Each structure stands twice: as C-alpha cells, then as structure tokens.
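S.K.: Have a look at this one.
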Amino acid sequence: MFGYRVPAPDEAMLISGGRRGLGGAPFRVVTGHGKFVLPVFRKTRFLTLAMCEAEVAETCVTRQGIVLTVKAVIAFKVGNDTESIVNAGQRFLSDQDQMSVLTGRIFAGHLRSIIGSMTVEEIVTERQKLATEVLETSKTEMAKIGLIVDSLQIQSIDDGATGYIAAMSAPHTAAIQRQAQIAQAQANQASVEAQQEATRNQAEYQRQTAVVQAQYSAEVDRAQAEAAQAGPLAQAHAQQEVLKAQTELAERAAQLRQQQLVAEIVKPAEADAERIRVLAVAEAERMKIQAAAAASYDRVALDRMLIDQLPQIVKEAASGLAGANVNVLNGADGLGEIAAGLVGQGLTILDSVRKNLGGSEEHQGDRGAEIQRYLRPSKPGDDSDNGPIDIK
C-alpha cells in the first residue's frame, strides 16, 4: 500500500520527521510491524539488527615483556531494545560498516590492556579467561554505541621469532612425543603380539584340523576293520553259541545219568540197607522179647519151685526146734501159735527170695545158693537157734 512501510525481521525502521522519538531522539523506532508513513512529510531509514563480525590482529606486550601477536574474532550486533537502536542509529545509520571497524579498535585497545597484565603461560593456558576479561571491560563502551557482543574468540597467539612459546611447550612436546613413542611401541608390541597370537591360533587350528582328520581316518579304518571282521566274528559267535548249547546238553546228559545212577544203584542200596537195619532191629526186639519171656518163665518156674519147697522149708524149720528148749505157756493154743510162726517164717523166706529174684540178671547165678541157704537145716549150736523160744 502506498505510504505503508514494514521493516524486515532483522531490521529496525527509523522514521524521522514529525514527532520525536523516545528520549528526545530525532526519529521513531519501529520493529516487528509496519507503519503508515506520509510521503514527503516523513522519511524512513533501516538499521540492520543482524549479526556482524570484526577481526582483530594486535601486537601486544605481556607482563614479562614478551611481544605477542594476538588474533581474535568478535561477533556483535545492535541491541534489540529501543535505546540501543537509537544509540547505534545516531552513530552508524549513514555508514553501518563503521560498526565493525570501531568495534575492532575498541577490542584491540582492551586486548592490549588485558594481555599487558598477564604472562605468556596464562595467556596460552587460559584463553577463556582472557576473552572473558576483554568482554567485561568492553561491555560499557559497546553499550554506549548501542552494540552488544555475543562472543569473543582468540584465534591465535604468536611470539614471532622469540621462540618463547615453543620453548615453553618443549617439555610438553617432549613428553607428548615420549608418550607418542611409548604408545607407538605399545601399538607395535600389541601388533606383534596380535600377529603371534594369530599365528598360534592358525597353528592350533591346523593342529586341531590334523587331529580331527587323523581321528576321522582312524574311525574309518576301524569301521573298515570291523566290517572286514564282521563275518569271522559272526561265525565265531555262532560257533561259540553251538559250543555253549553242546556244553549245556552234555551237562544235562550228565545230570540225567547221575539221576539214573542214583535211581539204579544208590536208591536200591539205601533200600537194602534200610531193610537190613529194620530186620536187625526187629531181630534185636525179638531176642529181647524172648529174653524177657525166658526170664519171666524162669521166675515163674522158680516161684513154683519155692512153693513146692515151702512145706519142706517149714519142716526143716520145725526139725530145728527138736533140740530147742521150748516153753509152751498156753497149751494147745501155744502149739498152734508155734506152728503158725513156722509157717509165717516160711512165707517170709519165700517173699525175700522173690525180691532177690527181681534184681538184675547178673545176680541170677546166686539165686540157687540163696534158696539153698534158706533150705539148709539149722545146726545145733547156731546163735539163731540157741536159746529158748517162749510162746505165749
């Protein structure tokens, strides 16, 4: 539209004519939006807000008196606030390239001042400290001209032909070289060890391969040998089975023959022996029974003989009284008692003889003598017959 102006995003539009700007500035500042500008009555100019760059290459003297050439790069721009735009517009609107030149000169002065208070070692090892101090000291001056610094980078520090920096770095260089040599030697050693390990691994692999091949070959040979021996082994196994069967058959035949021999010889012999033993036992029992019967018969015969001899015994006892002095007190009754006594003595003698006959057979020879002793008549003068017999 005619008379309507819009600044770019990285520009500030300055409108002069008409009312004054902020703080009595001879123009008004418009950023970020458009503005209707009356032609002829108003005039518009544009101030860049984009990033600018300034390079500095300054010869400085350190606190030690060492001359250094320092190169730096400054990144700066016009501030976004209205005051910074007004300050920069009043100074650089007609020649905006002067912002880089003036900024370089300002930083060169501050750089010389800061480096003059530092040693070469501090400058070399603490570049960030140097840049920070330069920014801090230049911030006020840059704000007065409407500029702000985004960054300051020290690109290089050179001592020319003095060789101070090289001498200062020599120990470090030597240490680094030594470390590099050590690292190279270690790398070479590691490489050699790796090669040796690879060689060993290859040799081990070859050995294992040879062993496996030998095992395979041995297994093949063994399988072939087993296959070749399979027929004879099978035949031998069959023969062994036949021999085993024949052996078992022979053992069974021997067992059968043994059983036959037992049945034919041992059993009849045992039966004969048992029969003979039974007959012997029966014969012994028969003889024992006969002996017992004979002994019993002898006792019966002896008893009969004693009974038959009892009257004679009584008679002999009575005849023994013929010369004895006998006093008969009760007359006929006394004589009866004497007779009864004689008979009682005979019975007592008979009973005693029977008891003696009940002893063992070894005393049977004395039975006759015992009987004869009882049957022998008492002689006059014996103690048993002398003396009077009183019968009441």
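The values are calculated or read from the model by the stated rules, or taken from the named source; none is laboratory data. Because the structure is a prediction, the values reported are computed rather than measured. Neighbour counts run over all protein chains shown; Cβ positions are idealised from the backbone, glycine included. Only protein heavy atoms, including side chains, enter the accessible area calculation; ligands, DNA and RNA are left aside. Shrake-Rupley method; radii C 1.70, N 1.55, O 1.52, S 1.80 Å.
S.K.: Give the residues of region 155-169 that are open to solvent by 50 Å² or more (accessible area, probe 1.4 Å) and free of Cβ contacts under 8 Å to residues at least 40 places away in the same chain, sorted by residue number.
M.R.: Scanning region 155-169 gives Ala161, Ala166, Ala167.
S.K.: In addition: Identify, from the list Ala75, Ala108, Ala50, the residue that is surrounded by fewer than 17 Cβ atoms within 10 Å (Cβ to Cβ), under 18 Å from Thr132 (Cβ atoms) and touching an Asp or Glu at 6+ places or on another chain (Cβ under 6 Å).
M.R.: Details: Ala108 fails: surrounded by fewer than 17 Cβ atoms within 10 Å (Cβ to Cβ); Ala50 fails: under 18 Å from Thr132 (Cβ atoms).
The unique qualifying residue is Ala75.
S.K.: Which of the residues belonging to region 157-198 are β-branched (Val, Ile, Thr) and either on the phi > 0 side of the Ramachandran plot or within 51 Å of the chain's Cα centre (by Cα) (or both)?
M.R.: Initial filter on region 157-198 (β-branched (Val, Ile, Thr)): 157, 162, 165, 173, 176, 182, 192.
Ile182, Val192 - these are the residues of region 157-198 that are β-branched (Val, Ile, Thr) and either on the phi > 0 side of the Ramachandran plot or within 51 Å of the chain's Cα centre (by Cα) (or both).
S.K.: Here's a follow-up. How many of the residues in region 16-46 are surrounded by 11 or more Cβ atoms within 10 Å (Cβ to Cβ) and modelled with pLDDT under 75?
M.R.: Of the residues in region 16-46, 5 are surrounded by 11 or more Cβ atoms within 10 Å (Cβ to Cβ) and modelled with pLDDT under 75.
S.K.: Additional query: Open to solvent by 90 Å² or more (accessible area, probe 1.4 Å), part of a helix (DSSP H, G or I) and among the charged types (D, E, K, R) - does that describe any residue in region 237-249? Spell out the reasoning first.
M.R.: Residues of region 237-249 that are open to solvent by 90 Å² or more (accessible area, probe 1.4 Å), as a first pass: 237, 239-240, 243-244, 246, 249.
Checking the rest, the ones that are also part of a helix (DSSP H, G or I) come to 237, 239-240, 243-244, 246, 249.
So of that shortlist, the ones also among the charged types (D, E, K, R) come out as 244.
Yes, there is a match, as at least one residue in region 237-249 is open to solvent by 90 Å² or more (accessible area, probe 1.4 Å), part of a helix (DSSP H, G or I) and among the charged types (D, E, K, R).
S.K.: Taking interchain pairs and intrachain pairs at least six residues apart, which have beta carbon atoms under 8 angstrom, with the first residue in region 31-47 and within 21 Å of Asn87 (Cα to Cα) and the second part of a strand (DSSP E or B) and open to solvent by 80 Å² or more (accessible area, probe 1.4 Å)?
M.R.: Going by the 8 Å Cβ cut-off, the qualifying pairs are Thr44/Arg5.
S.K.: Here's something else I'd like to know. Only one of Leu152, Leu130, Leu102 is surrounded by 14 or more Cβ atoms within 10 Å (Cβ to Cβ), out of contact with any Gly (no Cβ under 6 Å at 6 or more places or on another chain), in contact (Cβ under 8 Å) with a residue 60 or more places away in the chain and of a type outside the set (Asp, Glu); which?
M.R.: Criteria check complete, one pass: Leu152.
S.K.: Could I ask something else about it? Restricting attention to region 142-165, which residues are in a strand (DSSP E or B) and of a type in the set (A, V, I, L, M, F, W, C)? Lay out the reasoning, then the answer.
M.R.: Going through region 142-165, the residues in a strand (DSSP E or B) turn out to be 147-158.
Hits for region 142-165 are Leu147, Ile148, Val149, Leu152, Ile154, Ile157.
S.K.: Is at least one residue of region 59-70 of a type in the set (S, T, N, Q), open to solvent by 30 Å² or more (accessible area, probe 1.4 Å) and at pLDDT below 85?
M.R.: Checked region 59-70: no residue is of a type in the set (S, T, N, Q), open to solvent by 30 Å² or more (accessible area, probe 1.4 Å) and at pLDDT below 85.
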